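Here is the structure we will look at.
Values in this text are rule-based calculations from the coordinates and carry no lab data. No experiment lies behind these values; they were computed from the predicted model shown. Here the Cβ positions follow ideal geometry from the backbone for every residue, glycine too, while neighbour counts run over all protein chains shown.
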């Protein structure tokens, strides 16, 4: 009985408000990790699944194949989604996205990006991490969704390496050592290709911030590429399209998959993606120009509206409903606590007055 009394007192007045707060916090504390776990489970290890799909494709043959390369598609609907629809119907075997595809490094941006990728159908699409993917806590989200931030794979008789340049800082020593070992083991392959987000050197020939910030490391990587017979390096980050050679290594920079390009021209600064054809040791690159949006401002606004609407209804709806329910619980608990407190304050003076009357009456009886 004493225990029941303590429970009743805990659930009354301010005790009830405190209890409601604790229950709401526990409810949300359990729901949020569960929500993230379910969201991650749905897409976890995407790159691994895409590589398994790639291994089963009959159009990736040792004698040759073709694939697409694109980058810088963040905050775009018309251009990026148009490219994906084209890829879904063309003869390329797979696609490599060179990064900066998500709006930000949060799970909502990643989920919406994956929804956009569905427009390419069942074509394998592999991911290179860019600064947008790694922003904030994005590195951990990238690992949950896509897997490792750097990896290598084989297509036909070609070796392909994907690097994590850590938002422009460049690969760390551990990754460079890994790359060296992978390239040494790939010397019997007919061609060797490298994919990264930032170019080694600025393709615009100016200090525009497009290249790796550590230029000594860039020169070290170039020496490693030359030493191991890398046929071509594909990079992004710079808006538009650039191609040429760094020493004895060819490069192609494509940053035109949808992100706004200022001061557009027909030579470099235009929307594009690449179609790459590999035939033995020969690597041919075709740049595919893509029409831009009629209004970049409206395209960006449409993207943000779609992103937040998708996040609310497809990602966060039940979490938002739970948050609303917890808020309603707290409001009602607070209202009940304040109502009971006012009732006690009204009763206290009346009880005091009744005590005075009773004491006066008892005193009168004694006098009598």
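Here are some notes:
- Gyration tensor (alpha-carbon) shape descriptor, region 136-246, a/c threshold 1.5: oblate
- With the highest mean first, a sort of the peptides 168-181, 192-205 on other beta-carbon atoms found within 10 angstrom per residue produces 192-205, 168-181.
- FRET efficiency estimate (nearest 0.05) - Cβ-Cβ, residue 207 to residue 91, R0 30 angstrom: 0.15
- Efficiency of FRET from Cβ geometry, residue 140 and residue 220, R₀ 30 Å, rounded to 0.05: 0.60
- Spin-label proximity, residue 154 to region 177-194 - amide N less than 16 Å from point 7 Å beyond Cα toward beta carbon: 182-193
- Separation of the residue 176 and residue 282 label points, Cα + 7 Å toward Cβ, nm: 3.6 nm
- Gain in span if fully extended, residue 169 to residue 188, counting 0.36 nm per residue against the direct Cα distance: 3.8 nm
- Between residue 341 and residue 227, the simple label model (points 7 Å from Cα in the Cβ direction) yields a spacing of 7.2 nm.
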